[in-house]
Ligand SMILES: C[S@@+](CC[C@H](N)C(=O)[O-])C[C@H]1O[C@@H](n2cnc3c(N)ncnc32)[C@H](O)[C@@H]1O
């Protein structure tokens, strides 16, 4: 991936730190997907950026892991979120899936990520979800 493309100063529109937008989007997700979200004990957000959609995940799930390859975005995530509640991983989804065993009852979110991935990366993403877990993914 082109790490320089994603840097804090060139994508300020992705910085939205009041959490209100995040809650609104999450409410639409729970209305749209007929699923019991309470059954998931671990939630991952792949490509969390500057956390614009992460707030609601932290409000609704006990264990949240934010995965983000850009160092400058990770610096923002570290400022925004309490490390007691959230794990922040400075890595790409490819490295994450290679190096992490996914616990059962995991759920994956990704907001505005897939269209940045190549077809091969997308296949890899869905393949890892399919073979690595029996969980769902919401994008
Ligand atoms: C358009 S931004 C969206 C950020 C955030 N989800 C939002 O909506 O505000 C796409 C994000 O995906 C991350 N990303 C790009 N390639 C990735 C990869 N291979 N694995 C994980 N994240 C990736 C970028 O660093 C960036 O933060």
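Please determine whether any residue of segment 96-103 is surrounded by 15 or more Cβ atoms within 10 Å (Cβ to Cβ) and free of Cβ contacts under 8 Å to residues at least 12 places away in the same chain. Yes: segment 96-103 contains one or more residues that are surrounded by 15 or more Cβ atoms within 10 Å (Cβ to Cβ) and free of Cβ contacts under 8 Å to residues at least 12 places away in the same chain. Within segment 31-49, the set of residues being outside any helix (DSSP H, G or I), closer than 12 Å to residue 62 by Cβ and modelled with pLDDT under 90 comprises 41 only.
Residues that are within 21 Å of residue 20 (Cα to Cα) and within 13 Å of the ligand (Cβ to nearest atom) do occur in segment 77-85. When residue 92 is tested against (1) modelled with pLDDT of 95 or more; (2) in contact with a strand residue (DSSP E or B) (Cβ under 6 Å, 6 or more places away or on another chain), only condition (2) is not met. Of everything in segment 62-79, what is touching a helix residue (DSSP H, G or I) at 6+ places or on another chain (Cβ under 8 Å), over 22 Å from residue 115 (Cα atoms) and surrounded by fewer than 19 Cβ atoms within 10 Å (Cβ to Cβ)? Give them in sequence order. Correct list: 75 only.
The values are calculated or read from the model by the stated rules, or taken from the named source; none is laboratory data. Keep in mind that this is a model prediction, so the values were computed, not measured. All Cβ positions, even for glycine, are placed from backbone atoms using ideal geometry, and neighbour counts span all protein chains on display.
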